[in-house]
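Every read-out reported here was derived from the displayed coordinates using simple, explicitly stated rules and does not represent laboratory data. In this text the structure is predicted, and so the values were computed from the model without any measurement. Cβ placement follows ideal geometry from the backbone for every residue including glycine, while neighbour counts extend to all protein chains displayed.
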Amino acid sequence: MGVCYGTPDFPTPSYAGYLKSGAKWKITPSSSAATTPSPAASNSLDLLAARDKKAFRGGKIVAGSSLTVFSFAELKEATKNFPADALLGKGGVGRVYKGMLHGEQQPGSTETIIAVKLLNPDAAQGHREWMREIASIEKISHPNLAKLLGFCPDDENLALVYEFMPKGSLEYQLFRSGSTASLPWDVRLKIMVGAATGLAFLHNCCRMIHMDFRSANILLDGSYTAKLSDCGLEKSGPQVRVSPISKQVMDTYGYAAPEYIATGHLYLKSNVFSFGVVLLETLTGLRAIDPSRPAGKVDLVKWAKPLLSSKKKVRTIMDSRLKGKYYADSAHQIAQLVSLCLQPEPEQRPSMSEVVEELKSIEAARANGTLRKA
């Protein structure tokens, strides 16, 4: 795997727009049949590469793998045989358990808390999917990607071992039942900047598509730094046709982009749509899909998207648990960014680099105290 900058992720007509930070973005015409960029396009890609190497310098693709190969017996011992009270979460093909490794796994530490992702024994084609995940992420390192420590290659008990995230997932922090606690506005903004930065790194430095981007797969360390997990990465080109098993992983209703639902094809801009959904969840404190809500509000995007156009309307959808302790100007700017990310046509959405730039601009304005509270 190497750093590469391929063709644009969607063949598009020219489209230009402005983000609230003042940055202009434009997508120029391209052909889905073209495989070699023109000299002008190559120059543009070189400029993009130079900018993104600077913007995402915290990430890298390392020359060799440093993963530890664990036996299943070692992981059973680390988790105390996978008890229910060690369960951190579960997904379509596996469950995640908390465990403890003894010995110097990391410099200066004799104990390492881990998260063990254990494949369901009856998951169809799960082994192939998980081996692909290992191959995709073993050589990628970035502060906003969950660190893979090792794996268990036992065919009947395949597992991935990740660093443990003490704050759980963004989904847990936003939607945990029985709690009136709420993430403060500044923390939500920090999480979104981190998640966007991690996704932009995958797009720009690896040319990879995250196959399952949603709030459950944004993990949080002790200081609420966002780290993306369950990448299930696919190498991008003009388009990626998703296999049936990959579609099972990606097909999380409420987060999937329209073009994916319609055709089964994924693009880099499909991730931008999913990010827009998560950003909307973060604004509203509501799940993307919730059958317990009134009929017109079950689908968060369909209900809230028409309300993103003005500050007055945005106030009506803000998470009530914030109790007005947010900045109206930045909330409105984020709402406009959500609207851009949720455009029905991929070419109308910004890139993740532009999303990061906009969010950082909003965060900087907040830090400088230039925004008014709601």
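So here's what we get for this one:
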item: Ranking of D212, D155 by count of other Cβ atoms within 10 Å, fewest first; result: D155, D212
item: Segments 316-326, 341-351, 275-285 sorted - mean Cβ within 10 Å per residue, highest first; result: 275-285, 341-351, 316-326
item: Inter-label distance, nm, simple model (7 Å from Cα along the C-beta direction), K311/I261; result: 3.3 nm
item: Flagged links, alpha-carbon separation over 26 Å, of K117/K360; K117/K302; K147/K297; K227/K311; K117/K139; K147/K325; result: K117/K360; K117/K302; K147/K297; K227/K311; K147/K325
item: Highest average packing first - 74-81, 287-294, Cβ atoms within 10 Å; result: 74-81, 287-294
item: Distant-in-sequence amide H partners of L145 (H built 1.01 Å from N, under 5 Å); result: L228
item: Estimated FRET transfer efficiency (L87, A181; beta-carbon r; R0 22 Å; 0.05); result: 0.50
item: Listed peptides 67-73, 169-175 by packing density, highest first (mean Cβ within 10 Å); result: 169-175, 67-73
item: Sequence-distant residues sharing a close amide H with Y224 (under 5 Å, placed H); result: none
item: Exposure proxy order (Cβ contacts within 10 Å, fewest to most) of I362, I218, I261; result: I261, I362, I218
item: Cα gyration tensor shape for segment 260-372, rounded if a/c is under 1.5, else prolate or oblate; result: oblate
item: Likely footprinting exposure, F273, F201, fewest C-beta neighbours within 10 Å first; result: F273, F201
